[in-house]
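S.K.: The following block contains the structure, expressed as structure tokens.
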Amino acid sequence: MLAYLVRRIAWGFATVLGVLLFLFLLFFMLATPDDIARRAVGEKAPQTVLDQWKANHGYDKPRMWNPESPADTMLFDHFRRMLTFDFGRSDADDTPISQRLRDGSGPSLAFTVPLFVLGLALGVGLSLFVAFFRDTYIDRATTVIAVLMMSVSTLLYIIGVQFLLGKLLRWFPISGFDPSPEVILRFLALPVIVGLLAGVGSDLRFYRTVFIEETSRDYVRTARAKGCGEGRIMTHHVLRNSLIPILTGVVMAIPFLFTGSLLLESFFGIPGLGAMTVDAINANDFSTLRVMVYIGSLLFIVGQIATDFSYTLADPRVRLG
Amino acid sequence: MKRRLAAAALAAALALSACTNNPYPDADDARAIFYSAFDDPPKTLDPQVAYSVNDHLVIGDVYDTLLEYHYLKRPYTLMPGLLEEIPHPEPLPDGRIAYTLRLREGARFHADPAFAHFTPGADDRPVRAEDIAFAFQRIGDPAVGSPVFETLVKIDGLREFAERLEARRKQDPEFGKKRIDEQYREVGGIAGVEVLSERELRLVLDEPYPQIRFWLAMPFTTPVPWEAVAYYDGLEGRDHFAEHAVGTGPFRIARYDKTSLIALERAPNWYGLRHPDAPGAVYPSEGEPGDEAAGYLGERAGKPLPFLDRVEFRREKETIPYFNKFLQGYYDISSIPQESFDKFVQEGTLSPEMQARGMKLAKSVGPTVYYIGFNMDDPTVGAPAGERGRKLRQAMSLVTDAEEYLRVFANSRGIPAQSPIPPGIFGYDPEYKNPFRTVDPERAAQLLVEAGYPGGIDPETGRPLRLTFDTPSTDTRSLLTFQFLVDAWRRLGLDVEVAATSYNQFQDKVRRGAFQIFQFGWVADYPDPENFLFLLWSGMARSKNGGPNTANFQNAEYDALFDRMKVREDDEERLELVREMRELLERERPWIELFHPEGYALYHGWVAPPKPAGMAFAVDKYRRVEPDARAELREAWNRPIRWPAYALAAATVLVVLPGIATWRRERR
């Protein structure tokens, strides 16, 4: 198991290095240090100010190759900073990126955690309910509705929910965020509702299929024959045995709760890490963007390893090696 | 089971009754808070560096400037701010010009921990003349990167100061680690910035430059405490100075969260509270004609400033949610989204529906000009082509329909420009009509014949004359606007191609002079014709000096007129000079002037009419709201409609109940 872990981490490390290199190449194919500097200092600033800014931020070095001093390049700096977790300051406004990560993860978690928990409960609960009533009007109607809901774009849910619940019925603020406990729930309601609406359709279809496949197995028949109640069969036997496919999706999602959602945060004005990423893209803010991509790839690898280990917990027959 | 269901239903009903779309804490309803928004956060709060509208949104309230613009008078008029009076030029025998800046007594910086760090027990401290000197030294400091350094090198010794400082830092790395004020002192300060006393400072310029007074009305020259710059170095958990303002203004920062909320609160030690008669501390009692009728005078006139307790800027990246919250009464002021413009504004006035809700519309033409420029170095469209080139430019100018352009792309928000000078600036003449800016395709065709391109055909090739329109914008919307311009020239028979590249490639083309036609805009830094006419002065030519004269227009006659105009006070002769320059541009056509944009702002009935400020930085101190009226209307406009929730709950029960019934039946 230890050997497996070491091997996975080594592969993960290589993947991260590749992602970092790829990111650097892609970014500087599209933008030059002058572009970044111009965005930061403004249109009217003279060239001298631009050059000073580049010197202050290390963008005046050769990009990839410096025959005189091979370590004195932007590419080398890029790898050194990322691998030592010395993230530095944002190109857009000079705020320390590590501080922005700390400040941004709170608002992101504030809506991703309830969304994750409620989404899982709703998805699994509804699917059990539907699987229980399979081939009845409930099952068929729910399947049709689920397919319909899957087909609608998240953007439409956002606009629709903002219009209906925020503007027309006036239940919640249309957008915004305030961390004070007095008002925070108001702001979380709409993004959580949108997240649930956008996710529940596909969850329902997936979990329902898993459960129905499980209910046709022999052990379920045996349980029934022994007089076990239908409700108990669903919650104790079927659910437990369906854990592997469920865990595959769920454990992978946990690390990404930190990074929030690009779309929901932007549209609901939640100052989380998703919104920060979108801002970084818009502002040509390479130093922030690379940190977000780097953290994203690290979390992905952590998530994959965690998923593998969760299998061994859910199913004692699984061996890692 | 039944009891549990009842409890759940009760909890749901309670949650529903607590529902509200009010994004603010309830206790704030009664406070005089002004609610506004920002899209992109300020890049910096460093007054010597900040140069964008979003930066100045906050800096304008937090830092007082030495001089200010009168809130109501147009053309824009200066008045004393932190200074006791507007300084006057004193010519020195050697041709240099001196100004004496006298600080108002009793002005103090906002309380800040930075002061106690260097002077134990000090909360704040008075503003001294040396703080102004410190601001000029920061403009000269290459490490600060002030964008106005090149403009202000007319200050005697500023460049030398910068060079000494840089050389010293390179020579001795230890020097660069010293406290910032000590570094400046050790290299000997700026020769032309002399502290005479605690409250007096002498500024010496190498040459006459009357525009210096406008720079005194901008945050670049506002006094800054060295303690704050030294203390906020970004180390050991402290902010950077660019993120932490220590100013002198009517408001100070209560919360600075660039991702969601910037809140300002009244500064208790603002000088205006001790000098209620100072021009910047009282709402004006006179303005321009029409201000009374527009409600700009009213009951605010003569009252002490500021009216607000607090200003909140919330981050709104998307226009539609912002506008919807404005309609619900949660923002006091808003622009109108392009897509719903026709719904809210009909023929220049607000729709009756919006008027019934007490909303009002404020319109103003900004001190900005958009124009098409020709590269005057170009052999075909520029000066080397002589009379042919001139006639070609005149012909192209005659078919460029700015009015139609505004109608198609800007809901007619703006006025077609006749000259580079926008309204509100000395030298703007509303009566003036540029003969080459009236659409006349017949005359244009005739001019093309005279230029030797009959029907747009280049006799050398026998094909339509090929020209390139270079642009740094590649988005669909901008390309549509360029297409509109190009189509008009195509109708003349010319073959104009749009070359859309990235900003950097475009800059590169401009540097190399490899461009023909481009479109640009210019926003005034200060309300003086010099700030627009210098865009065509040869001293600012891009190809020669890297200046903003991108058209590379170099004309000896124009330069001579410009040199005389720029140093004159606003008098009849200056007006005549501006007129002569205008006529020269009319004939030469290095630019096709497009338009001066017009801003439309909506505001609620509880907001005292805000005069669009244009040049001014400190605007929030003039604002007033009536919180009680606002709270009442918000309440009336935002009562939640609850029945759909009950209906939804009932529907769910109706769907689920048969299921439960089946299940129970089967269990039996």
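Just so you know, all these numbers are worked out from the coordinates, no wet-lab data involved. This is a predicted model, so every value here is computed, not measured. We place every Cβ from the backbone using ideal geometry, glycine too, and count neighbours over all the protein chains shown.
S.K.: Applying 1/(1 + (r/R0)^6) with R0 = 60 Å to the Cβ-Cβ distance of B:LYS363 and B:THR652, what FRET efficiency is obtained, to the nearest 0.05?
M.R.: 0.75
S.K.: State the extension gain, in nm to one decimal, for the chain segment bounded by B:ARG490 and B:LYS343, taking 0.36 nm per residue of separation less the distance between their alpha-carbons.
M.R.: 49.5 nm
S.K.: Report the equivalent ellipsoid semi-axes for chain B in whole Å, largest first, defined as the square roots of five times the eigenvalues of the gyration tensor built from alpha carbon atoms.
M.R.: 47, 39, 25
S.K.: Would you be so kind as to identify which of A:ILE9, A:VAL183, A:VAL250 lies farthest towards the positive end of the dipole of the protein assembly as shown, taking Lys and Arg as +1 and Asp and Glu as -1 on Cβ and the Cα centre as origin?
M.R.: The Cα lying farthest towards the positive end belongs to A:VAL250.
S.K.: Rounded to the nearest 0.05, what FRET efficiency is calculated for B:ILE641 and A:SER180 with R0 set to 41 Å and r the Cβ-Cβ distance?
M.R.: Efficiency computed from Cβ-Cβ geometry: 0.95.
S.K.: Another one. Would you mind computing, in nm to one decimal, how far apart the modelled labels at A:ARG232 and A:PHE27 are, each placed 7 Å from Cα along Cα→Cβ?
M.R.: 5.9 nm
S.K.: In which sequence would A:SER287, B:SER197, B:SER412 go, from the one with the fewest C-beta neighbours within 10 Å to the one with the most?
M.R.: The order, fewest Cβ neighbours first, is B:SER197, B:SER412, A:SER287.
S.K.: In nm, to one decimal, how far is the modelled label at A:SER202 from the one at A:THR84, with both set 7 Å along Cα→Cβ?
M.R.: Those two pseudo-labels are separated by 4.0 nm.
S.K.: Now a separate question. So if each residue of separation counts as 0.36 nm, and I subtract the Cα-Cα distance between B:ASP429 and B:SER335, what length gain in nm does that give?
M.R.: Difference between extended and current length: 31.0 nm.
S.K.: The protein assembly as shown: D in µm²/s via Stokes-Einstein (Kirkwood Rh, Cα pairs, 37 °C, 0.692 mPa s)?
M.R.: 101 µm²/s
S.K.: Of A:SER242, A:SER261, B:SER340, B:SER364, how do they rank once you tally other Cβ atoms within 10 Å and put the fewest first?
M.R.: Result, fewest neighbours first: B:SER340, B:SER364, A:SER242, A:SER261.
S.K.: Hey, what number do you get for chain B at 222 nm if only DSSP H runs of n ≥ 4 count, each worth -39500 (n - 2.57), divided across all residues, to the nearest 500?
M.R.: Working: 23 runs with 228 residues, N = 668.
The helix-only estimate for chain B comes to -10000 deg cm²/dmol at 222 nm.
S.K.: Now for a separate question. Average partner chain C-beta neighbours within 10 Å, per residue of A:183-190? Don't jump to the answer; show the numbers that get you there.
M.R.: On the way: counts 6, 0, 3, 7, 1, 0, 3, 1.
Across the residues of A:183-190, the mean count of other-chain Cβ atoms within 10 Å is 3.
S.K.: What lysines sit close enough to A:LYS54 to cross-link, taking a C-alpha to C-alpha distance under 17 Å and skipping anything fewer than 8 places away on the same chain?
M.R.: A:LYS44, B:LYS43
S.K.: Per residue of B:42-51, count partner chain C-beta atoms within 10 Å of its C-beta, then hand back the mean as an integer.
M.R.: If you average over the peptide's residues, the count of other-chain Cβ atoms is 3.
S.K.: Nearest 500 deg cm²/dmol is fine: what mean residue ellipticity at 222 nm does chain A get from its DSSP H runs of n ≥ 4 alone, each adding -39,500 (n - 2.57), divided by its residue count?
M.R.: -22500 deg cm²/dmol
S.K.: Return the tail of the calculated pair distribution for segment B:245-314, meaning the percent of Cα-Cα pairs more than 13 Å apart.
M.R.: 69 percent
S.K.: What is the log10 of I(q)/I(0) for segment B:183-316, computed with the Debye formula using one identical point scatterer on each Cα and no solvent, at q = 0.13, 0.16, 0.18 Å⁻¹?
M.R.: Taking Cα atoms of segment B:183-316 as identical point scatterers yields -0.89, -1.18, -1.28.
S.K.: Would you mind putting B:421-432, A:142-153, B:166-177, A:195-206 in packing order, based on average other-beta-carbon counts within 10 Å, highest first?
M.R.: The packing order, highest mean first, is A:195-206, B:421-432, A:142-153, B:166-177.
S.K.: Within 10 Å of each Cβ in peptide A:269-275, how many partner chain Cβ atoms are there on average? Round it to a whole number, please.
M.R.: The shielding value for this peptide is 4.
S.K.: Hey, another quick one. Which helices pass in chain A if a helix is a full DSSP H run, must span at least 18 angstrom along its long axis by Cα, and must have mean Kyte-Doolittle hydropathy not below -0.5?
M.R.: A:2-30, A:97-132, A:137-151, A:184-215, A:286-314
S.K.: Roughly how many debye, to the nearest 20, is the charge dipole of chain B about its Cα centre, given +1 on each Lys and Arg Cβ, -1 on each Asp and Glu Cβ, and no other charges? Present the calculation step by step, with values, prior to reporting the outcome.
M.R.: On the way: 83 positive and 101 negative charges, 694 e Å.
Charge dipole, chain B, about its Cα centre: 3340 debye, nearest 20.
S.K.: Average the reciprocal distances over every distinct pair of alpha-carbons in segment A:104-271, invert the result, and give the Kirkwood radius in Å.
M.R.: 17.5 Å
S.K.: Given a Förster distance of 51 angstrom, what is the FRET efficiency for B:ARG568 paired with B:ARG463, based on the Cβ-Cβ distance and rounded to 0.05? Walk me through the numbers on the way to the answer.
M.R.: Numbers: r = 50 Å, r/R0 = 0.97.
Efficiency, rounded to the nearest 0.05: 0.55.
S.K.: Quick one: if you stick a label point 7 Å off each Cα along the C-beta vector at A:THR143 and A:ILE159, how many nm between them?
M.R.: Distance between label points: 3.2 nm.
S.K.: Could you please report the charge total around A:ILE244, scoring K, R as +1 and D, E as -1 over all other residues with beta-carbon less than 15 angstrom from its beta-carbon?
M.R.: 0
S.K.: If you split all Cα-Cα distances of segment B:448-568 into 5 Å bins from zero, what percentages do you get per bin, shortest first?
M.R.: Histogram of Cα-Cα distances, whole percents per bin: 2, 10, 15, 16, 16, 17, 14, 7, 2, 1, 0.
S.K.: Further question on the same structure: What is the gain in length, in nm to one decimal, between B:ARG665 and B:ALA254 on full extension, counting 0.36 nm per residue of separation less the C-alpha to C-alpha distance?
M.R.: Numbers: separation 411, 0.36 × 411 = 147.96 nm, distance 6.41 nm.
Value of the extension gain: 141.5 nm.
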